[in-house]
1. Please work out which residue is farthest from THR81 (Cα to Cα), limiting yourself to region 140-170 and to residues that are without any contact (Cβ under 8 Å) to a residue 24 or more places away in the chain and surrounded by 15 or more Cβ atoms within 10 Å (Cβ to Cβ).
2. Can you find a residue that is in a loop (DSSP other than H, G, I, E, B) and more than 22 Å from the chain's Cα centre (by Cα) anywhere in region 117-136?
3. Would it be correct to say that LEU68 is within 18 Å of GLY197 (Cα to Cα), within 14 Å of the chain's Cα centre (by Cα) and surrounded by 23 or more Cβ atoms within 10 Å (Cβ to Cβ)?
4. Does region 163-196 hold any residues that are assigned to a strand (DSSP E or B), more than 12 Å from THR153 (Cβ to Cβ) and within 20 Å of the chain's Cα centre (by Cα), and which are they?
5. Name the one entry in LEU140, LEU180 that is closer than 22 Å to VAL92 by Cα, of a type in the set (A, V, I, L, M, F, W, C) and not assigned by TED's automatic domain parsing to the domain that holds VAL92.
6. Tell me which residues, restricted to region 84-127, are at pLDDT 95 or above and of a type in the set (S, T, N, Q).
Amino acid sequence: MAFLKELIEAEGADYVAELKLFVRLLTIHYCKRHSEDVLSLILKDFNLLATTARGNEEDACSEIWYLLGEIGDSTAKVDKTGITGLIAAKTVLDSFEVVQKFRVILKERPYEFRYTLRVIPIEKVVRTDLGEIEQAVKELGSKIGENETFRITVEKRFTSTPSRNIIEAAATHIQRRVDLNNPDKIVLIEVVGGLTGVSVVKAEDVLSTTKEKNVMR
């Protein structure tokens with residue numbers, strides 16, 4: 001435990017901070033303990049995605065798991081996706097409420113977010129198939145009000161399906177006005193290899209830690 005003492009001394013932390021650091025050190029191996037089978041189960045049922053810098057995936061995984069515990073879900077499943085900079089999580093909490101509560105922590109204790117760059121709520125997970133994506137968006141489309149505008153944003157990883165095809169499929173059943181610059185709602189399509197997460201969000205429903213830390217300065 002000498003390394004722990006050295007880290008605590010380097011941090012110059014008080015007792016509470018020491019305890020938090022200890023918990024972080026214990027959970028930093030959380031991602032490593034998951035097998036590929038567990039990862040595949042998470043990816044079939046994730047309701048959060050988080051991004052981090054290349055090489056920080058394990059630290060971000062630990063950080064997200066720790067923060068989810070802080071807001072009430074100590075049983076959350078969090079793991080690397082195998083895609084650089086991308087973490088998947090499954091929590092019993094509402095994913096939109098998670099973003100709101102994370103934002104409160106970010107404002108009060110910005111140092112808690114060392115590795116996490118963005119946190120994205122996911123409402124539906126389907127296979128990366130144009131028909132399934134179209135159906136998922138159709139089911140969520142009622143969230144876009146009659147007088148509201150929308151934009152479709154596609155983030156692709158490990159797929160050869162063209163973004164244009166995905167956008168066309170997603171837009172099939174949305175009879176609302178498009179606004180690419182300042183939409184009321186964003187149809188967010190997160191392609192993770194053979195699976196795709198779909199959400200209809202407002203801009204503030206996605207947490208960008210770097211951007212919000214800059215605003216606070």
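1. The qualifying residue farthest from THR81 (Cα to Cα) is ILE167.
2. Scanning region 117-136, I find no residue that is in a loop (DSSP other than H, G, I, E, B) and more than 22 Å from the chain's Cα centre (by Cα), so the answer is no.
3. So LEU68 fails the test.
4. VAL192, LEU195, THR196
5. LEU140
6. Across region 84-127, the qualifying residues are THR91, SER95, GLN100, THR116.
The values are calculated or read from the model by the stated rules, or taken from the named source; none is laboratory data. Since this is a predicted model, take the numbers as computed values, not measurements. With ideal geometry, Cβ positions are generated from the backbone for all residues, glycine too; neighbour counts draw on all protein chains shown.
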